[in-house]
Structure formats: structure tokens, C-alpha cells
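These notes concern the structure reproduced below.
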Amino acid sequence: MKELLTKNIGLKIASVIVAILVWMIVVNISNPEIKASKQVQIEVENDDVILNAGKTYELNGNTSVMVSYSVRTRDEYKIKASDFRAYVDMKDLFDITGSVPVKVEVLNNKDLILDASANPSVVRIKVEDVIKTTKEIEYELDGQPQDGYAVGSVILSPETISISGPASQVSQIKTVRIIIDADGISEDLKGTAIPLYVDASGRTIDIDDTDVTVNHTTVDYTLITLIGKSVPVEYQVGGSPAQGYSYVGVEGSIKEVVIRGSKAELAEVSSIVVPASVLDLGGTKTNKQVEVDLAQFVPGNLKIVGDSVSTVVMKVEGQQEKHFSINSTQIAVTNGVEGLEYLIEPITIGVILNGIQSDLDALDPKEILGSVDVTGMIEEGVYPVEIIFTLPAGYAVRSYTPVTVKVTGEPIEKETEEAAGEDEVIETDEIYEREEEAGTETESETENETETDHSGEN
């Protein structure tokens, strides 16, 4: 086999070379047509028909197409992607399907290119409204000033940023904020920051990757540093809401304040407390809102830096009802007699509780406990009883399934023990009587000895 392949090897190689030369000669002489293609970016014409209507658009997934064409073999190397222009005309947009045909124009080598066409031949256009919104710029401090210093106020310029663009992109931006490095500062601070655009989940949006435009790309800030410290504000609520309603919490618009003063006074203050006498529910059936000036609750010569008026909302909700099923084993028996057995019936007891809906939904039926008093139930029989419930705070029992206690067995007699006790009392009394008699005799003997002594003296 090896000899067959290597025999006349030179002749075989020469044959292959001759075949290739012959093929090249034939191709050059015949110069047949071949199919080829180039990737071409899509251009957009007449998009003003969309933009002038207050809308915007984007090519949905396709920004380029493959242009196919025919060309002679010897000319194929001359063709470039720049010889073609692929474009869509927004006047041809079909509103129902949102699609528009792709047109191809041959710019160069027209005499060489035949049957140019685009693949895909149509593209989908996503059209949506252009909206504009204005967001207040927020700031976030990174780090804390030196001990004994506090940030009094922050001045931003500008204070707002206008954002415009496709509705789907602009609506994702929930807040605009800048980060200010305040770590270790002890004097006023000025600087410039690039705003961050944040969505509802806290992620930062890179608007350079979107069609969103803004009217400011930087924000100047001035941070005023004061000697003082930041302390929380505590709101104490007094009184009770109307019957059938429950107090569920309090919220103030100011949660902490910066106070300024001497170091000695600042060291004595850890919070600002608004007393319950100021925040009184007063039988209300709805949320109650009051304006409170926190400055009146700052002790000594301390002063609040910035706004001191807090809007305080005391929240009230109407009580709801919910049915729970508990087991009789959650009901304890008190004051039972030894020897008797007590069976609470029925085994499953329905209980209707009043409370705030969120609390009712969170309550585990196993937390509903109670007890029944069986004092005086010493004979066999069935007795109706009242359950005394023990519940977590915030709940009240409206009603429950009537229950009974079935008493069986016999009490254990305790007469022997009682009699023994009486004997002990009698024996004790006798001992006391003998001791008293002995004491009387001793006193008489002592008196006689005393009289004898006096007689001897005389």
C-alpha cells in the first residue's frame, strides 16, 4: 500500500499543480457570478414624524443587517461594506405591527454589484412617549466629622435636575443623589460631585447607556460644619383612642436633630424627648397630626441647628375580628381537689378576638392560653365554667365557645390528718396548762422565801 502511494510521487504532485492551474485559467476565462454578503449598519430617515409627536423610538434588537448581493468572482475582493447603505424610512412604519422595511442602496461599484437585498428585510421599531421630570437632589454623607463637630447644613447648586427621555427609562429613576465625603472634617467643606441616578431597589443606573438626557452633569455643594452633635428624637404618646380603635405607632418628620452648645451641656443630652402630655390621642378615631416645635424640649442653653418644627402623626386603626381555634389543653384547671379528674369539653374551642388586623394575622393560636376555676366542684357531674384568658398585649376576647368541666372520681379523705392535728392541739394545750401551774407554784415559793428573809432581818 505504501509503495502504491509513493510510487511516481513527483508525477502525482505535478498533476495536482496542473489541475489547479487549469481551474484558475477556467475561472478567469468564465468569471462566474457568486453570492456574497456584508454587515451594514441601519440608518434612519424621516424620524421627525415620531419625534415631532413627542415620542421616541429605538430599533428593537437590530441595529444592522446582512446585505446579500451577487458579484463576478474576479471582482468580489473589491466590494466593501461601505459600498452599501441600509436604511429605514419612518414614513413607512406600520403602526399595527410596529415594523418597517429595510431598504438597500448601492453607493459604490454599482457596475459590479447585482441584486443587493437586506436580511432581515424588515425590523421592528419600539415607539414610546418622551417624558420629562424634575428630581430634587439628595445628599448622603460618607463618614462622620471629628468628635465634637457636626454637619449643620448642606447647600446644593443646583438643587434639582431635569430628566427627559423614553418613559420606560425615565420612570426607572426614583432618586438623584450625591455622595459627600465628610469623614474627619472639622471645618466647612466645598466641592463638586457627579450625581448618581438610583432606581427603586437602590441600584445605580448608568444613564450613558440609555437615551436619557439631563440638564446638569455636576452638582456643587457647600457643607457647613458646626460644633455640636446629632441626637435622636423620641416621641411619647399619651391617652387612648376611641373605643374599638387601637394606637399602632407614631412617626415624626424629624427623627434626629443637631444640637449646638458647650461640651459640658452636650455631654448631658442623649436624645430629645417629646412628652406624652403634648401627644395626646384624646379619643380619636383617625390618625392624629400635630406640629411640634422641638426647640422647647432642648435643655439648658443648647440650640437646634436647622428646622425644629416636626410634623408628628399618631397612627390609629380600627379593631378587627378574627376567629381562632384552640385545643382544650391550652386551658388550665385551678383549685382542683385531689382525687378528682377534670375534663374540659369540647376539645376544640372557638375564640373570636378583637385587635389590629396586622396583629391578628401574626398571632399564633398556641399563644392563646386560659384557665378555669373549679372551686366547689367536688361531686361528679358536668359544670359550666368561664374561661379567664391570658393573651399577649393588644388583643381582647369578644366571644368564645361555651365550655363545661366534667368531674369524675372521689376526693381523697383527709380526716385522719385533721384528727391528728386536733390531738396535737390538745396536747399542746395541756403542756401550756402544766407549765402555767408550775409557774404559779414557783412564784408562791419565791414569795415565801422573800417573806422569811425579811423576818430574819427584823
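The values are calculated or read from the model by the stated rules, or taken from the named source; none is laboratory data. Because the structure is a prediction, the values reported are computed rather than measured. Methodologically, a virtual Cβ is constructed for each residue, glycine included, from the backbone with ideal geometry; neighbour enumeration extends over all protein chains shown.
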Any hit, the stretch 311-324, residues being buried (at least 16 other Cβ atoms within 10 Å of the Cβ), among the aromatic types (Phe, Trp, Tyr) and farther than 30 Å from residue 391 by Cβ: no
Would you check if there is a residue in the stretch 164-182 being outside any strand (DSSP E or B), aliphatic (A, V, I, L, M) and under 26 Å from residue 226 (Cβ atoms)? yes
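May I ask you to say which residue of 148, 184, 165, 98 is surrounded by 17 or more Cβ atoms within 10 Å (Cβ to Cβ) and at pLDDT below 95?
Numbers: 148 fails: surrounded by 17 or more Cβ atoms within 10 Å (Cβ to Cβ); 184 fails: surrounded by 17 or more Cβ atoms within 10 Å (Cβ to Cβ); 98 fails: surrounded by 17 or more Cβ atoms within 10 Å (Cβ to Cβ).
Residue meeting the stated conditions: 165.
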Hey, any hits in the stretch 353-370 for a residue that's free of Cβ contacts under 8 Å to residues at least 12 places away in the same chain, in a loop (DSSP other than H, G, I, E, B) and surrounded by fewer than 16 Cβ atoms within 10 Å (Cβ to Cβ)? yes
Quickly run through the stretch 235-247 and pick out the residues that are modelled with pLDDT of 90 or more and under 30 Å from the mean Cα position of the chain (by Cα). 235, 236, 237, 238, 240, 241
Residues within the stretch 248-270 that are within 26 Å of the chain's Cα centre (by Cα) and either crowded, with 19+ Cβ neighbours inside 10 Å or closer than 14 Å to residue 308 by Cα (or both), tallied: 6
Give me the pairs: first residue in the stretch 73-98 and at negative phi, second residue at pLDDT 90 or above and among the basic types (Lys, Arg), beta-carbon distance under 6 Å, and six or more apart or on different chains, which are they? 81/38; 87/103
Here are the criteria: (1) within 20 Å of residue 238 (Cβ to Cβ); (2) touching a residue at least 12 places away in the same chain (Cβ under 8 Å); (3) of a type outside the set (Lys, Arg). Tell me which single one residue 258 does not satisfy. (1)
For the condition within 30 Å of residue 229 (Cβ to Cβ), without any contact (Cβ under 8 Å) to a residue 40 or more places away in the chain, among the aliphatic types (A, V, I, L, M) and in a strand (DSSP E or B), what is the one hit in 313, 278, 290? 290
Within the stretch 183-218, the residues that are within 19 Å of residue 154 (Cβ to Cβ), assigned to a loop (DSSP other than H, G, I, E, B) and of a type in the set (A, V, I, L, M, F, W, C) are 185, 194
Answer with yes or no whether residue 221 is aromatic (Phe, Trp, Tyr), outside any loop (DSSP other than H, G, I, E, B) and farther than 30 Å from residue 163 by Cα. no
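So if I check each of 295, 264, 242, which one is outside any strand (DSSP E or B), free of Cβ contacts under 8 Å to residues at least 40 places away in the same chain and touching a Lys or Arg at 6+ places or on another chain (Cβ under 8 Å)?
None of the others qualify; the one that does is 295.
Table: residues versus (1) small (Gly, Ala, Ser); (2) assigned to a strand (DSSP E or B).
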{"residue": "283", "(1), (2)": "yes, no"}
{"residue": "307", "(1), (2)": "no, no"}
{"residue": "326", "(1), (2)": "no, yes"}
{"residue": "333", "(1), (2)": "no, yes"}
{"residue": "344", "(1), (2)": "no, yes"}
